[in-house]
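Asker: Got a structure for you, questions after.
Only the coordinates and a few stated rules stand behind these numbers; no lab work does. Values in this document were obtained by computation on a predicted structure and should not be read as measured data. All Cβ positions, even for glycine, are placed from backbone atoms using ideal geometry, and neighbour counts span all protein chains on display.
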Amino acid sequence: MGVKRGRGRGLFITFEGVEGSGKTTQLAGAAKLLREEGYRVLETREPGGTLFAERIREMLLGHPADSPSAEPIAPECETSLILASRSQHVARVIMPALREGTVVLCDRFSDSTLAYQGYGRGLDLDVLSDLNRFATAGLTPDLTLLFDLPVPVGLGRRRQKEMGQNRLDREPPHFHERVRQGFLELAARHRRRIRVLDGSPDPETVARQVRTILRKFLQRRKKPVPRHNP
Ligand code: TMP
């Protein structure tokens, strides 16, 4: 399909972290900042981001697997659904936006699959990397912001919003500890792309760090991202 070709002048920034890390709030703040600075911005998320992919998300996260009568989902099935959602999202939404010169801000992407299905569920990381390449036709983020914080703090925040809990939130704490370590290992392996931020402080303090990183990143880019109201 040639997704890698003709990627255009857009910018692809992903927001990652364990449950309750504040990444979704920070993504909204970053979108506001970038729009004020004249960039065309698309906010999107995974799993999801297209009508069809959002239906996969509902199936995946809304499934009541925590009830004793529910059918447990095999890790391979979970992974396949996530990748199905990702391939649709990349082909139909992310790549077209990047070609138009849009800054795409995505709440979770391929790193989440390595962290959750790889480090969390124990699936083979090399296999998952190959599958990610297949689903994305090789698209990787230009920049990833990883919001790190202790698992009990994140889960505590999520429990306060009981309605917002999904099937994976309800995994035991040691699952989320593996996911956190996984994200940190990925960050150590991809130092240039993944920037680790402390997600523990109040949202405004974290937002200041996000603003600094984004401004520096945009200034340093050799290929400027188009602004629409400079
Ligand atoms: P969130 O939108 O609240 O972060 O929820 C998305 C959930 O989906 C979260 O529990 C992590 C999970 N997930 C995976 O397990 N693997 C993935 O590749 C992605 C994108 C999400």
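Asker: Would you check which residues across the stretch 164-189 are in contact with a Phe, Trp or Tyr (Cβ under 9 Å, 6 or more places away or on another chain) and of a type outside the set (D, E, K, R) and list them?
Answerer: Residues satisfying the conditions are Leu168, Phe175, Val179, Gln181, Gly182, Phe183, Leu186.
Asker: Restrict the check to the stretch 71-78 and report whether at least one residue is surrounded by 16 or more Cβ atoms within 10 Å (Cβ to Cβ) and touching a Lys or Arg at 6+ places or on another chain (Cβ under 8 Å).
Answerer: Taking every residue of the stretch 71-78 in turn, at least one turns out to be surrounded by 16 or more Cβ atoms within 10 Å (Cβ to Cβ) and touching a Lys or Arg at 6+ places or on another chain (Cβ under 8 Å).
Asker: Okay, moving on. Would you tally the residues in the stretch 151-204 being in contact (Cβ under 8 Å) with a residue 60 or more places away in the chain, within 19 Å of Gly122 (Cα to Cα) and of a type outside the set (A, V, I, L, M)?
Answerer: So the answer is 9.
Asker: Let me ask something else. Where in the stretch 22-114 are there helices (runs of 4 or more DSSP H), lying wholly inside it, with at least 2 residues that are within 11 Å of the ligand (Cβ to nearest atom) and over 13 Å from the mean Cα position of the chain (by Cα)?
Answerer: 51-62, 75-89
Asker: Any residue in the stretch 157-169 that is surrounded by fewer than 16 Cβ atoms within 10 Å (Cβ to Cβ) and of a type in the set (Asp, Glu)?
Answerer: yes
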